[in-house]
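Data first, discussion second: the structure below is written as structure tokens.
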Amino acid sequence: DARVTQTPRHKVTEMGQEVTMRCQPILGHNTVFWYRQTMMQGLELLAYFRNRAPLDDSGMPKDRFSAEMPDATLATLKIQPSEPRDSAVYFCASGLAVFGGRGVEAFFGQGTRLTVV
Amino acid sequence: GIQVEQSPPDLILQEGANSTLRCNFSDSVNNLQWFHQNPWGQLINLFYIPSGTKQNGRLSATTVATERYSLLYISSSQTTDSGVYFCAVERHAGGTSYGKLTFGQGTILTVHP
């Protein structure tokens with residue numbers, strides 16, 4: 001069945017290390033989102049792409065975070081160097097935007113639980 | 001940005017009870033979704049409902065866009081309904097939808113057997 005797939009599901013890393021999270025959007029979806037969930041801030045949008053082009057990454061700390069879509073089946077979120085405050089669950093979501101359509105229904109992956117020690 | 005407020009923050013029910021969750025938002029929207037986050041952390045789509053009423057089994061939802069609120073009804077609740085229910089909206093921006101969702105803080109639902 002169609003689903004958004006994220007890897008890894010869990011990641012524990014030491015402060016200062018590079019972390020890469022991967023996402024495979026639902027086939028045919030043209031919009032990909034990265035969200036972060038923490039107890040304090042809830043769910044926040046970090047970045048999103050339309051047709052692989054970055055549209056908005058204003059929610060991301062630019063100095064250490066980067067997001068890319070090397071191809072239509074892969075989105076990556078990278079943190080370098082990682083810090084303890086980056087500990088959170090990172091969700092990828094995808095949706096299909098249709099010209100003139102009302103809205104984009106987002107479907108979420110299972111998330112990557114990141115712990116930086 | 002748009003504000004999203006959900007109520008109540010916490011809700012405890014006995015199995016079989018009915019409940020209503022509310023989502024208020026501060027601006028016009030062209031996208032509203034309800035999600036259930038289960039105890040394993042997975043975000044499950046319940047409804048895509050920028051306006052109108054939809055039903056899916058024991059769940060139904062109504063969005064009154066002109067009055068800026070949405071309601072999620074859960075009937076005959078089951079223990080598997082436990083989790084956090086999120087409302088998320090996208091502010092209407094001149095007919096263009098980008099899919100950028102702003103989430104409420106959620107309603108934590110606990111259903112006891």
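As a summary of the residue check, B:Cys87 satisfies the conditions (1) modelled with pLDDT under 95; (2) in contact with a strand residue (DSSP E or B) (Cβ under 7 Å, 6 or more places away or on another chain) except for the one numbered (1). Filtering the stretch B:29-78 to residues that are out of contact with any strand residue (DSSP E or B) (no Cβ under 7 Å at 6 or more places or on another chain) and farther than 24 Å from A:Ala2 by Cβ leaves B:Val64, B:Thr66, B:Glu67, B:Ser75, B:Ser76.
From the set of residues in the stretch B:68-113 that are more than 17 Å from the chain's Cα centre (by Cα) and within 12 Å of chain A (Cβ to nearest Cβ), which is surrounded by the fewest Cβ atoms within 10 Å (Cβ to Cβ)? Looking at residues that are more than 17 Å from the chain's Cα centre (by Cα) and within 12 Å of chain A (Cβ to nearest Cβ), I get B:Gly95. Among the residues of the stretch A:88-117, those identified as within 30 Å of A:Gln17 (Cα to Cα) and surrounded by fewer than 16 Cβ atoms within 10 Å (Cβ to Cβ) are A:Thr115, A:Val117. Hey, any hits in the stretch B:21-40 for a residue that's among the small types (Gly, Ala, Ser) and farther than 28 Å from A:Gln41 by Cβ? Checked against the condition, which is being among the small types (Gly, Ala, Ser) and farther than 28 Å from A:Gln41 by Cβ, the stretch B:21-40 yields no hits at all.
In the stretch B:49-59, of all residues being surrounded by 14 or more Cβ atoms within 10 Å (Cβ to Cβ) and part of a loop (DSSP other than H, G, I, E, B), the one that is nearest to the other protein chains (Cβ to nearest Cβ) corresponds to B:Pro50. Identification of strands (runs of 3 or more DSSP E) wholly contained in the stretch B:6-48 with 1 or more residues that are within 13 Å of chain A (Cβ to nearest Cβ), surrounded by 14 or more Cβ atoms within 10 Å (Cβ to Cβ) and of a type in the set (A, V, I, L, M) yields B:29-37, B:43-48. When B:Ala65 is tested against (1) within 13 Å of another protein chain (Cβ to nearest Cβ); (2) surrounded by fewer than 20 Cβ atoms within 10 Å (Cβ to Cβ); (3) at pLDDT 95 or above, only condition (3) is not met.
So which residues in the stretch A:61-117 are among the aliphatic types (A, V, I, L, M) and not in a loop (DSSP other than H, G, I, E, B), if there are any at all? Scanning the stretch A:61-117 gives A:Ala67, A:Met69, A:Leu74, A:Ala75, A:Leu77, A:Ile79, A:Ala88, A:Val89, A:Ala93, A:Leu114, A:Val116.
Picking from A:Asp1, A:Asp56, which residue would you name as being out of contact with any His (no Cβ under 6 Å at 6 or more places or on another chain), within 11 Å of chain B (Cβ to nearest Cβ) and at pLDDT below 95?
Details: A:Asp1 fails: within 11 Å of chain B (Cβ to nearest Cβ).
None of the others qualify; the one that does is A:Asp56.
A:Met15 satisfies every condition listed in (1) modelled with pLDDT of 95 or more; (2) assigned to a loop (DSSP other than H, G, I, E, B); (3) out of contact with any helix residue (DSSP H, G or I) (no Cβ under 7 Å at 6 or more places or on another chain); (4) among the aliphatic types (A, V, I, L, M) except (3).
The values are calculated or read from the model by the stated rules, or taken from the named source; none is laboratory data. On a predicted model such as this, the values are computed, not experimentally measured, just so you know. Please note: Cβ atoms are built from the backbone with ideal geometry, for glycine as well, and neighbour counts cover all protein chains shown.
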